[in-house]
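Visitor: Pasting a structure here, questions to come.
The values are calculated or read from the model by the stated rules, or taken from the named source; none is laboratory data. Note that the structure is predicted; figures quoted are calculated from it, not measured. Glycine gets a Cβ as well: all are built from the backbone with ideal geometry, and neighbour counts include every protein chain shown. For accessibility, only protein heavy atoms count, side chains too; no ligands or nucleic acids. Shrake-Rupley method; radii C 1.70, N 1.55, O 1.52, S 1.80 Å.
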Number of protein chains: 2
Amino acid sequence: MAQFTIGVDLGGTNLRIAAVDESGRILQTINTATEVARGRDAVVKEMCEAIRSLALKHHAAGTMQGIGIGVPGIIDMKSGMIRQSPNLPDWQNYPVKQEIERLLSTDVFLENDANSAALGEKWLGAGKDENDICAFTLGTGVGGGLVLNGKVWHGMTGMAGELGHITVDPNGHPCGCGSKGCLEQYASATAVKRMAKEHIARGGAEGLEKLSRDEANFSAKSIYELAMKGDPGAKAVYQRAGGALGIVIAGMINALNLPMYVVGGGVSNSWDAFAPAMMEQIKLRSFVYVATLGEDPTAPIVQRTVVRRAQLGGDAGLLGAARLPAVS
Amino acid sequence: MAQFTIGVDLGGTNLRIAAVDESGRILQTINTATEVARGRDAVVKEMCEAIRSLALKHHAAGTMQGIGIGVPGIIDMKSGMIRQSPNLPDWQNYPVKQEIERLLSTDVFLENDANSAALGEKWLGAGKDENDICAFTLGTGVGGGLVLNGKVWHGMTGMAGELGHITVDPNGHPCGCGSKGCLEQYASATAVKRMAKEHIARGGAEGLEKLSRDEANFSAKSIYELAMKGDPGAKAVYQRAGGALGIVIAGMINALNLPMYVVGGGVSNSWDAFAPAMMEQIKLRSFVYVATLGEDPTAPIVQRTVVRRAQLGGDAGLLGAARLPAVS
């Protein structure tokens, strides 16, 4: 009999719930705002109601195999708790997995949102022909996820894949995590805006300065558009972002020698502005990349290291969450 | 029936061959100089003769299960070739695996020497109670190896674990690999000597300057001894080495969330001089480390991230090579 799962993308702003069949086809999606202000219990109640209604509605399509939930923050896999989540403050140390399992009498698989996105891209997106990928999600922050042998690599406690907090510049910009010079301080949407403001403050960045006067439209996206028009200041900002990302990707290539590295999240829409600087750093800093580039044109493509954009856009995390019951 | 394997540690200077039983007990070791100058074929011939004699001699102890060879350099697992080895120049693109299999009619498992050392430490040393470890070998250069689920993580072509070429300082010292600021430029024996000389050149490092007058005794070891006597210059050199290593370990903890990171190789004998700076950087730069430190004293020890010295000394690579036939 056919099977389907339910994926949940629990963001700080939006709550998305979808029934997804075995082939990755979305049967139905329910989108609501995550009413964080109404508190955890209200969000859980709404989530469970939506899950129940989807499960009931698609009952005819097959057996509901389980529920996967992607959450922003640090998860303790063992206890099924959210350890830390800036966007969901009152969820800390709440045994979300057990609670939802109790409420719905179904297996629940909890996962960090960037890990879910990595799994989604591996299942249906950029990495669908690979078993091993490393994925970055460049959003408000920078998340990461590793898929090894087709499964999310959790590490000891489920905290693996925190690629946004790898050091790029030991004396660099302070990070909310307590460290300095983390990737997140250069390759997130937040960082792009900050670097643009720093550039304006240093002077000589007329294009950026003009753009910044309309604060509502001063964003990673508008800075990207300016860069694509050739503005030197905006270009420099994205070159810095790409260079930082390239340093970390090079390190991951040297450490893991995976066949594919995927860059997703909102900032990945600015690919054309940051990818050249990223690739330059990767070639400089990873002899493993250079050795697996297949400079010999007769070398089989399977031995090449590929760095590419994500393909699923905003659905990566939702689809990855829906995949969790099948590969956990 | 009992089984044994033969491990080969093929270095640029020494060739060590051992028969090792299933429990990791070394039945016999043959040590010779690697006569690189006599050429590849002479070394292979000598190696095969030693393997044959060990296999014959310990025939009564059980079945010979296979041969594992650890080599310094970059290996292409698929073709069984050494892609690049500064210490064994004429071995490049030589199908060493097939050749030795042909000569001995036995399965041969080829592995990078640092990967072998990681596997040795996982089998019988610091990591013997863990399934997943990340190991660094601080020697003339800096090697690394990942053991995931009890096996060496090879990546796509066998080049995984090149931790010595992860960037520590984007604008740092040039590296032989073509990059700048690689870990190897700070945490190898070569780097310790270079940093000491740089310190002398900057002036004010009287202790180091005095030590350096006896070039034959000016080494990572003597600089360590000077540091342990309290010499500020020598201490600063090892603090730099430890800080660089800590940055890379922090990155690996954030990326992989493994339970254990092991530091071996000759420079690890200077542990007391570099470990404090290393731990300081790990705590600063890895919130995954901090979160898994188990600050709650009732937390089970299994959830702690441990960073410790290797335990097998110079035998790690040899024992790891001997383990290859059983876990490949």
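Visitor: Along each of the three principal axes of the Cα atoms of the protein assembly as shown, give the extent in whole Å, ordering the values from largest to smallest.
Guide: Each principal axis gives a Cα extent; for the protein assembly as shown these are 72, 65, 57 Å.
Visitor: When ranked by the protection proxy of mean other Cβ atoms within 10 Å per residue, highest first, what sequence do the peptides A:140-147, A:22-29 form?
Guide: In decreasing order of mean packing, A:140-147, A:22-29 become A:140-147, A:22-29.
Visitor: Let me ask something else about it. In square nanometres and to one decimal, what's the mean projected area of the convex hull around the Cα atoms of chain A?
Guide: Mean projected area for chain A: 18.0 nm², to one decimal.
Visitor: Distances from residue A:21 to the same residue in each other copy, label points 7 Å out along Cα→Cβ, in nm, shortest first?
Guide: Shortest to longest, the spacings are 6.0 nm.
Visitor: Modelled label-to-label distance, residue A:228 and residue A:198, 7 Å Cα→beta-carbon offset: nm?
Guide: 2.5
Visitor: With the solvent-accessible surface defined on protein heavy atoms using a 1.4 Å probe, which residues belonging to the range B:236-272 display a reduction of at least 50 Å² in accessible area in the multichain context relative to the isolated chain?
Guide: B:254, B:255, B:256, B:257
Visitor: I need the inter-copy label distances for residue A:129: point set 7 Å along Cα to C-beta, values in nm with one decimal, smallest first.
Guide: 4.6
Visitor: Quick one: accessible area per residue over the range A:133-311, 1.4 Å probe, rounded to a whole number of Å²?
Guide: Heavy-atom accessible area per residue stands at 38 Å².
Visitor: Can you list residues whose amide H is under 5 Å from residue B:66's amide H, if they're 5+ apart or on another chain and H is modeled 1.01 Å from N?
Guide: B:6
Visitor: When N is the residue count of the range A:133-311, what does its C-alpha Rg come to as a fraction of 2.2 N^0.38 Å?
Guide: Computed over Cα atoms of the range A:133-311, the ratio equals 1.06.
Visitor: Let me ask something else. Once every Cα of the range A:220-328 carries one equal point scatterer and solvent is ignored, give the base-10 log of I(q)/I(0) from the Debye formula at q = 0.10, 0.12, 0.20, 0.24 Å⁻¹, two decimals.
Guide: Debye output, listed in q order: -0.36, -0.51, -1.05, -1.19.
Visitor: Got the residue A:41 label distances to the other copies yet, label 7 Å along Cα→Cβ, in nm, shortest first?
Guide: 8.4
Visitor: Nearest 5 is fine: what % of DSSP beta bridges in the range B:1-146 come out antiparallel, could you say?
Guide: 65
Visitor: Just to be sure I understand: of the beta bridges DSSP finds with both ends in chain A, what percent are antiparallel, rounded to 5?
Guide: So the antiparallel bridges amount to about 55 percent of the total.
Visitor: Further question on the same structure: Run the numbers on the range B:193-245 and let me know its relative contact order in percent, using alpha-carbon pairs under 8 Å that are six or more apart.
Guide: 35
Visitor: A further question on this structure: Which whole-number percent gives the relative contact order of chain A, counting Cα pairs below 8 Å spaced six or more residues apart?
Guide: Relative contact order comes out at 20 percent.
Visitor: Let me ask something else about it. In a GNM of chain B with a 10 Å cut-off on Cα contacts, which of B:245, B:163, B:293 has the highest mean-square fluctuation?
Guide: Among B:245, B:163, B:293, the largest GNM mean-square fluctuation belongs to B:293.
Visitor: Full-extension gain between residue A:151 and residue A:14, please, as 0.36 nm times their residue separation minus the C-alpha to C-alpha distance.
Guide: Length gained, residue A:151 through residue A:14: 46.7 nm.
Visitor: Roughly how much accessible area, to the nearest 100 Å², goes out of reach of solvent when B and A pair up, both sides summed, probe 1.4 Å?
Guide: Between B and A, the summed buried area is about 3900 Å².
Visitor: So, one more: Considering every residue in B:181-191, what mean count of other chain Cβ atoms within 10 Å of its Cβ is obtained?
Guide: Mean shielding count: 1.
Visitor: Return the calculated 222 nm mean residue ellipticity for chain A, to the nearest 500 deg cm²/dmol, obtained by summing -39500 (n - 2.57) across DSSP H runs with n ≥ 4 and dividing by the residue count.
Guide: Theoretical 222 nm ellipticity from helices: -12500 deg cm²/dmol.
Visitor: Here's a follow-up. Between residue A:105 and residue A:210, what length in nm is gained on full extension when 0.36 nm per residue of separation is reduced by their alpha carbon distance?
Guide: The residue A:105-residue A:210 span can extend by a further 32.2 nm.
Visitor: Related question: Length gain on complete extension for the stretch residue A:60 to residue A:269, per 0.36 nm per residue less the alpha carbon to alpha carbon distance?
Guide: So the extension gain works out to 71.4 nm.
Visitor: Which pairs break 23 Å Cα to Cα here: A:210/A:235; A:197/A:229; A:122/B:128; B:210/B:235?
Guide: Correct reply: A:122/B:128.
Visitor: With chain A treated as a Gaussian network of Cα nodes joined by springs under 10 Å, which of A:93, A:257, A:217 yields the largest mean-square fluctuation?
Guide: In this elastic network of chain A, the residue with the biggest mean-square fluctuation among A:93, A:257, A:217 is A:217.
Visitor: Still on this structure, I have one more. To the nearest 20 Debye, how big is the dipole of chain A about its Cα centre, given +1 on the beta carbon of each Lys and Arg and -1 on that of each Asp and Glu?
Guide: Charge dipole of chain A: 240 debye, to the nearest 20.
Visitor: Taking 8 Å as the Cα distance limit and 6 or more residues as the minimum spacing, I'd like the relative contact order of the range A:133-311 as a percentage.
Guide: Over the range A:133-311, the number comes to 22 percent.
Visitor: Just to confirm a number: summing +1 for Lys and Arg and -1 for Asp and Glu over residues other than residue A:316 whose beta-carbon lies under 11 angstrom from that of residue A:316, what do you get?
Guide: Result for the local shell: -2.
Visitor: Between residue A:283 and residue A:27, how high is the FRET efficiency from 1/(1 + (r/R0)^6) when r is the Cβ-Cβ distance and R₀ = 35 Å? Nearest 0.05.
Guide: Given R0 = 35 Å and the Cβ-Cβ separation, E is 0.20.
Visitor: To continue, here is another question. Leaving ligands, DNA and RNA out of it, report the carbon-plus-sulfur percent of the accessible area of chain A at a 1.4 Å probe.
Guide: 50
Visitor: Nearest 5 is fine: what % of DSSP beta bridges in the protein assembly as shown come out antiparallel, could you say?
Guide: 55
Visitor: Something else now. Compute log10 of I(q)/I(0) for the range A:79-174 with the Debye formula, placing one identical point scatterer on every Cα and leaving out solvent, at q = 0.12, 0.15, 0.23 Å⁻¹, to two decimals.
Guide: Results for the range A:79-174 at q = 0.12, 0.15, 0.23 Å⁻¹ read -0.47, -0.70, -1.21.
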